Amino acid sequence: MSNDPTTPVPDSPSVRDSPSVPDSPSVRDSPSVRDSPSVPDSPSVPDSPFRPEPGDRDLAPQFVLPLVVRIERAAPPPRTDALETAARAVLVMLGDARSAGDGEWARAMRDWQDARIRKVVRRARGAEWRRAEALPGVTVTGKTAEVRVFPPVPLDGWPKDLARLQVSGTDLDDPEPPADADPCAPVLWMNPDLDMSAGKAMAQAGHGAQLAWWELSDAERAAWRDAGFPLAVRTADPARWGGLTTGGLPVVRDAGYTEIAPGSCTVVADHPALR
């Protein structure tokens, strides 16, 4: 599905954005890319970005992280692949050199992480996708899924080529049940009792990946990044869900803006370094 002739390595995303970075996913796309990703600053506001109750984050200017998934009519990606690719795309943005220090996206990333953490997934195909790829951002490729992530924008300041894309009705299926997750790899466990559209679930998987990233040390972040951000997204066994949410791992509690009730536990981020 990609216009890039590079074939992505299974379970390690292809990242299209700039000249390739040694020992990290291949990169192609927008201008001025530093050669080695560094770890961005952590958010400076201490309260949870996902809590339903009002907090200090609500007083800050609000931003959103846009993601666009490529869904061609003839070849939509499997749901699980799309969720995993969206989660990796969020991690790639967090680990990009432009997102840290004096990077060109750093101010927007800090402002976004200091407010409510919002992610919105839209879908595109054909010419819509080509216009989205022309905007500054990073395209991450999974097994067949392609997701482009963009620097945060003000809540009411979307670029017109992204604002016109559809956000509702993004749903996908898995033609076959996904294989069991590798117990030694990071897993984003989805709530088995919640019915979410693919777009909503992609955003929630991205939230879970981001919470895991925040909890890791600099060395653990670098190791995950250098490995290509391997991860799996799976629906938890209902019998295990209660233990997962109370076991000390990062838990996404949705603010309830769309589809589900405020405070719902949507994802548990199970990274080996956090167990």
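Points to keep in mind about this one:
- Accessible-area value, residue 63, 1.4 Å probe, nucleic acids and ligands omitted, Å²: 30
- Dimensionless Rg/Rh of region 115-208 - Kirkwood Rh, Rg from C-alpha atoms: 0.97
- For region 63-114: relative contact order, % (alpha-carbon pairs under 8 angstrom, 6 or more apart): 32
- Other-chain or far-sequence residues with amide H under 5 Å of residue 122's (modelled H): 67, 68, 69
- Å² of accessible area per residue within region 160-211, as computed with a 1.4 Å probe and no ligands counted: 48
- Carbon and sulfur %, accessible surface of region 155-275 computed with the full protein complex present, 1.4 Å: 50
- Spacing of the two label points (7 Å from each Cα toward its C-beta) at residue 257 and residue 173, in nm: 3.0
- Accessible area of residue 215 (1.4 Å probe, protein heavy atoms only, ligands and nucleic acids ignored): about 120 Å².
- Net charge of Cβ neighbours under 13 Å - reference residue 272; Lys, Arg +1; Asp, Glu -1: -3
The values are calculated or read from the model by the stated rules, or taken from the named source; none is laboratory data. Just so it is clear, the structure is predicted and the values come from calculations on it, not from any experiment. So basically every Cβ, Gly included, is an ideal-geometry build from the backbone, and we count neighbours across all protein chains shown. Accessible surface is based on the protein model in full, side chains and every heavy atom, while ligands, DNA and RNA are left aside. Shrake-Rupley method; radii C 1.70, N 1.55, O 1.52, S 1.80 Å.
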